[in-house]
Every structure is written in C-alpha cells, then in structure tokens.
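Here's the structure, in structure tokens; my notes come after.
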Amino acid sequence: MKTELWGSYKLSSSAECAKKEIEKLVPDLNQSISSLGAEIKGWKIDKNLLRIRIISTRLRAHEALLRLRSPIGKALGKEYHLGIRETRVDDYTLTFSLEKEPLGVVSIPFANVQIKGKEVRMSLKQLSREFLEKNYIDRMIKLVREKVAKQHYKGKKEYWELMWQSKQKSERWNKDPTEEMLKLGWLKQGPTKGKWFFYPQVASIMSAMEKIALEEVLEPLGFEEVIESHHVPLDIWLKTGHLKSIPGEIYYVSEPLTRKEQDWEDFTDMVKITHKVPEELFKKHLDTPKSGVCYAQCPIIYWSLQNRTIAEESLPIRVFEKRAVSNRYESGGRHGIERVDEFHRIEPVYIGTKSQLLELRERLIERYRHVFEDLLELEWRRAWVTPFYMSQAGEVYEGEGEKVEGTIDFEAWMPYRGDRENSEWLEFQNLSIVGERYIKVFNIKGQKSRLWSGCSGIGLERWTAAFLAQKTLDPENWPEGFKECLSKAPRGIKFL
Ligand code: SER
Ligand code: ZN
C-alpha cells in the first residue's frame, strides 16, 4: 500500500519567521518516521499554515501527520511561541491492491475510488483531525475490499451442508395449508401486509406448539422466562451488526415529538374535517426513528447483561423470551403463514463456557428430536448453514472451521412445494452457538470463566406450517403425540 498526502497544521500566527527552524527540523522528523516507511517529501509555509507532503509505504501517511504534530508543536512553541490550532489533510491518495479484479463499479462515501485491474486509487479531500483519528480511513479500505469480494460472491448459493435426515414419513396430502385454512375461515390476511389474523382454530394449534416447546424442550433443560421490550434501540443493532446489513428489513419506530393535545391540533382538525389520515403532517410531528421493532429477541437479552459479571453458579445462563413479536420487512418473499413480516417466536438464549454450550447444544438437539420425531412425526433434516449472526451482519461464510460456532437449520419437507428431492424445504427452526462475538460487544464477563453464547429460534408459525403441510388440517390425521396436546380444533367462528 502506498499513501500520500498534502496536509496542513494551522498555526496560531504566521510561520514565516520559523522557516529556518523547520528546515533544521525536517531531517530529524524524517528519521523518527523512516523506520515506519514514511517520509516528508516537501513542505511550505503559507501564512499561518505549515503545509507538508508525506509519502508512506507502511504507516498510513495520515498517521504520520498526526504523529509529527507533537514534535513540530514543541519545536515551534519553544522558539517562536507558535501553537498548532488545527491539523487536517487537504489532499490524500491511497493506492492498494485487491485480491481479485472487481466485476463492477465500486463507490463509497467520502472518497473517489478508481480501480484499474487490481489496483485501487482512493482519493479524499479536506479531512478533519477527527476524521483522521477515528479510523475511518481503514474502514473505508476494508469497505472497498468487502464490496469487491461481494461482487464475486453474488449469485453464489448460501452455505448448506446436510448433517442428518429423518426417515421418510407417509405422505398425507400435498396442499398448501395456508390456502386451505383461508378457505375454511381459520385465517385472515392481516390488516397490513405480511401479517395474519389467526382465528381460534389456528391460534389453538400455535398455542399447542408453544406448550410443546416449553414443556418438552425448555423446561426440562432448566430454561427460565424473561420478558423484553418489542422496541430495539438502534445502537443495539449497531453493536450486533444488523445495521450494516439489514436496515431495509427493519420496521422503524418513530416517537411523537410531543404528546400535547394542542401541538397535534392541526392533525386532529384535519381528521375531523376530512375523515382521512393526514399523512403529510407526520413529517412535522414525528421524530426520526431511534429504535425498531424486534427482529429477533436475543439482542435485547444481551443488552440486559451488558457490562455485568455473571456469577459462576449462574452458568450456563438459560433464559427464553416468548412475548416480543418479531417483524421483518419481507417485500417480495412473502408466502403463506411461513414467510411473513410479523411472526411469533420463542427464543432461548444460553451463555456459558464453550464446553457447557457444546453439551447444551447436544441436549437441545435431543429434545428437539423428541418433539419432531415422537410428537409431530415430521419428515425433517438438519443442515449446517451460514451462521445467522454472519448473514444478519452481511458477512460471507464458506463453511470454514470445525462445526462448533455456527448455525444448524432444522428443515421440513413441504409436500405442497414439490417432491422431496427438488423442492425447497422450510427452515422451521434454528440453533446456534455464536462464540464470543456478542459477549464481547456487550462486554459480558464471567466471574472466572471465559464466556460464549448462543440462541435458538423456535418459530411458531413455521412449526405450524411444517406440521400442517405434512399432517393436514384434519385432527384425524394428526399423530397421537400431538393430539395429546390438542385433540380437536376449537369451534371458531362460523361466517355466513
Ligand atoms: N437470533 C436468531 C435468528 O435471528 C434466532 O432466532 O435467527
Ligand atoms: Zn438469537
């Protein structure tokens, strides 16, 4: 990498008088940075600006500029009573090589990026000291590399490796349960897109699924309930990385600027007169979003443990959250009750030593196996996939490492989508070990132990969709194990 810049130190008054001193100083300054690959290649005085040109092959030239601030300040201060008031880069060019040639144009904020073959030339102008000190430059280099790498990954399939597959189960039907439930009046498309209204028949099935998850999986393994807010402040997603990758999937929450009746008078007047929602007035009355609706429950659980030290006797922490409703803006991908903008999920979260979590993962898999095999009698499989925390932070995964940290997807065959071999199975559940990633960003400490964490997503709509797609809507066809939890659907409402 080569970096070159023209920077300037703004002095408290004209530096003309110090020309000689600077001339003497430059060789010493160069000596102090030469081992780092940097060199002052030129300088000039322009009234109260000391302009300086630095070229470097190792240390970034702007770091040299910041480093030289203090010796220059000392030398000029002592003799000439000049102080450095401001440091900035006027013109900065960084050239570096990529591993692969880009496949398209790459642009990033703050810089002009030109790429010829594998050589990148990144030019920036007028950078404040704050900009230079805050590591933006390195992040921009990283971003260029990331964008080029992404162009090469685009179109590649998500990582997927089969781990285990159940026996085939007899096929009972191949209808889409959502369509059938709509016909029967068990379901209604929700009042806004990607949401559903579940009448008692479906609600009872989802509640039975919840009961099974609690009684057959979580309670036997000692999980305890916590209750969190549906609103996730944006700085939590800054930490988890969600804002780097999925800001377009979040439902944002805006607070009213005030709740005073008189401040909203123009709005209420319009409602009274027009009987319409005066949407144009929202700009005036709402704050910019400071939070969003829950996307998954675990980030707030980590936040609740932020900067805390966990007593050894509490390990492994085993908690679950089942009340916050998750929202994801799905756009084109919606389908039935299984791909929605709003869903109900139980999310167990576990924190402990690596070996505690590996043991817990086996026990969870065993309890889940019991539910899907013995109670729901599903045709299902487990696959090692791109870890959810990497895909939700926009990172690429190629199956690296041993299968310790990462995500296991549980998938069910959906007969209505086609045959077992060629159709897409439904991911109805996942189970992850996250390693230290969230523990570190939320600064959670163990009394003695080094902590890891993990979570599992139990999607009630997904469990229900998988079950009904395989076992029909007729309780006669339901396995005995499930019938013990729900023998018949409630009477519901009859529509005329
Ligand atoms: N947090 C995990 C996910 O988003 C489990 O729900 O997939
Ligand atoms: Zn999670």
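The values are calculated or read from the model by the stated rules, or taken from the named source; none is laboratory data. Only a predicted model underlies this, so the values are computations on that prediction, with no experimental measurement involved. Here Cβ is always computed from backbone atoms with ideal geometry, including for glycine, and neighbour counts include all displayed protein chains. Accessible surface areas use protein heavy atoms only, side chains included; no ligands, DNA or RNA. Shrake-Rupley method; radii C 1.70, N 1.55, O 1.52, S 1.80 Å.
All but one of (1) in a loop (DSSP other than H, G, I, E, B); (2) surrounded by 13 or more Cβ atoms within 10 Å (Cβ to Cβ); (3) touching a Ser or Thr at 6+ places or on another chain (Cβ under 9 Å) hold for Lys169; state the number of the condition that does not hold.
With respect to (1) in a loop (DSSP other than H, G, I, E, B); (2) surrounded by 13 or more Cβ atoms within 10 Å (Cβ to Cβ); (3) touching a Ser or Thr at 6+ places or on another chain (Cβ under 9 Å), Lys169 is out only on (3).
Which pairs turn up if I take residues in the range 267-283 that are assigned to a helix (DSSP H, G or I) and look for partners that are among the β-branched types (Val, Ile, Thr) with beta carbon separation below 8 Å, at least 6 apart in sequence or on another chain?
Val271/Val277
Please work out if Leu473 is modelled with pLDDT of 95 or more and open to solvent by less than 10 Å² (accessible area, probe 1.4 Å).
In short, no.
In the list Glu216, Glu224, which residue meets the criterion of being surrounded by fewer than 17 Cβ atoms within 10 Å (Cβ to Cβ) and at pLDDT 95 or above?
Step by step, each of Glu216, Glu224 is checked, and only Glu224 is surrounded by fewer than 17 Cβ atoms within 10 Å (Cβ to Cβ) and at pLDDT 95 or above.
Could you check Asn430 against (1) away from ligand 1 (no atom under 16 Å from the Cβ); (2) under 17 Å from the mean Cα position of the chain (by Cα); (3) in a strand (DSSP E or B) and say which number it fails?
The single condition Asn430 does not satisfy is (1).
Condition (residue is more than 12 Å from ligand 2 (Cβ to nearest atom), crowded, with 19+ Cβ neighbours inside 10 Å, under 19 Å from the mean Cα position of the chain (by Cα) and within 19 Å of Asp176 (Cα to Cα)) applied to the range 343-354: is it met by at least one residue?
Yes: the range 343-354 contains one or more residues that are more than 12 Å from ligand 2 (Cβ to nearest atom), crowded, with 19+ Cβ neighbours inside 10 Å, under 19 Å from the mean Cα position of the chain (by Cα) and within 19 Å of Asp176 (Cα to Cα).
If I ask for residues that are open to solvent by 70 Å² or more (accessible area, probe 1.4 Å) and either within 16 Å of ligand 2 (Cβ to nearest atom) or farther than 30 Å from Gly446 by Cα (or both), which ones from the range 293-333 would you list? Quick ask: steps written out before the conclusion?
Going residue by residue through the range 293-333, those that are open to solvent by 70 Å² or more (accessible area, probe 1.4 Å) are 303, 307-309, 313, 318, 323, 329, 332.
If the condition is that a residue be open to solvent by 70 Å² or more (accessible area, probe 1.4 Å) and either within 16 Å of ligand 2 (Cβ to nearest atom) or farther than 30 Å from Gly446 by Cα (or both), then Trp303, Arg318, Arg323, Tyr329, Gly332 are the ones that fit.
Given the criteria in contact (Cβ under 8 Å) with a residue 12 or more places away in the chain, open to solvent by 60 Å² or more (accessible area, probe 1.4 Å) and assigned to a strand (DSSP E or B), does Arg85 qualify?
Considered against the rule, which asks whether it is in contact (Cβ under 8 Å) with a residue 12 or more places away in the chain, open to solvent by 60 Å² or more (accessible area, probe 1.4 Å) and assigned to a strand (DSSP E or B), Arg85 comes out as yes.
Yes or no: the range 379-396 includes at least one residue that is within 16 Å of ligand 1 (Cβ to nearest atom), part of a helix (DSSP H, G or I), touching a Phe, Trp or Tyr at 6+ places or on another chain (Cβ under 9 Å) and touching a residue at least 60 places away in the same chain (Cβ under 8 Å).
Residues of the range 379-396 that are within 16 Å of ligand 1 (Cβ to nearest atom), as a first pass: 382-395.
Applying the additional criterion that residues be part of a helix (DSSP H, G or I) yields 388-391.
Subsequent filtering for residues that are touching a Phe, Trp or Tyr at 6+ places or on another chain (Cβ under 9 Å) retains 389-391.
From what's left, touching a residue at least 60 places away in the same chain (Cβ under 8 Å): 389, 391.
So far as the range 379-396 goes, yes, one or more of its residues are within 16 Å of ligand 1 (Cβ to nearest atom), part of a helix (DSSP H, G or I), touching a Phe, Trp or Tyr at 6+ places or on another chain (Cβ under 9 Å) and touching a residue at least 60 places away in the same chain (Cβ under 8 Å).
Output the residue which, of all residues in the range 284-298 that are among the charged types (D, E, K, R) and assigned to a loop (DSSP other than H, G, I, E, B), is farthest from Lys260 (Cα to Cα).
Result: Lys290.
Restricting attention to the range 120-137, does a residue exist that is within 15 Å of Gly394 (Cβ to Cβ) and part of a helix (DSSP H, G or I)?
No: zero hits.
Tally time: how many residues in the range 400-437 are among the basic types (Lys, Arg) and open to solvent by less than 10 Å² (accessible area, probe 1.4 Å)?
Looking only at that region, the number is 0.
Take the range 393-424 and flag every residue that is within 16 Å of ligand 2 (Cβ to nearest atom), at pLDDT 95 or above and closer than 20 Å to Gly435 by Cβ. Even if it seems obvious, please write down each step before you answer.
Step one: of the range 393-424, the residues within 16 Å of ligand 2 (Cβ to nearest atom) are 393, 395, 405-410.
Retained after the next criterion (residues that are at pLDDT 95 or above): 405-410.
Listed by number, the residues that qualify are Glu405, Gly406, Thr407, Ile408, Asp409.
Taking Thr192 and the conditions (1) open to solvent by 40 Å² or more (accessible area, probe 1.4 Å); (2) in contact with a strand residue (DSSP E or B) (Cβ under 9 Å, 6 or more places away or on another chain); (3) modelled with pLDDT of 95 or more, which numbered condition does it fall short on, given that it satisfies the others?
For Thr192, the exception is condition (3).
Can you tell me which residue among Pro109, Pro27 is open to solvent by 40 Å² or more (accessible area, probe 1.4 Å) and part of a helix (DSSP H, G or I)?
One residue alone meets the criteria, Pro27.
Filter the range 34-53 down to residues that are of a type in the set (Val, Ile, Thr) and within 11 Å of Tyr9 (Cα to Cα), then give me how many there are. Give the derivation first.
In the first step, residues of the range 34-53 are kept if they are of a type in the set (Val, Ile, Thr); the result is 40, 45, 52.
Keeping just the survivors that are within 11 Å of Tyr9 (Cα to Cα) gives 45, 52.
Of the residues in the range 34-53, 2 are of a type in the set (Val, Ile, Thr) and within 11 Å of Tyr9 (Cα to Cα).
Of everything in the range 445-469, what is more than 16 Å from ligand 1 (Cβ to nearest atom) and open to solvent by 10 Å² or more (accessible area, probe 1.4 Å)? Give them in sequence order.
The answer is Lys445, Gly446, Gln447, Lys448, Ser449, Arg450.
Can you tell me which residues in the range 299-321 are outside any helix (DSSP H, G or I) and within 12 Å of ligand 1 (Cβ to nearest atom)?
Those that are outside any helix (DSSP H, G or I) and within 12 Å of ligand 1 (Cβ to nearest atom): Phe320, Glu321.
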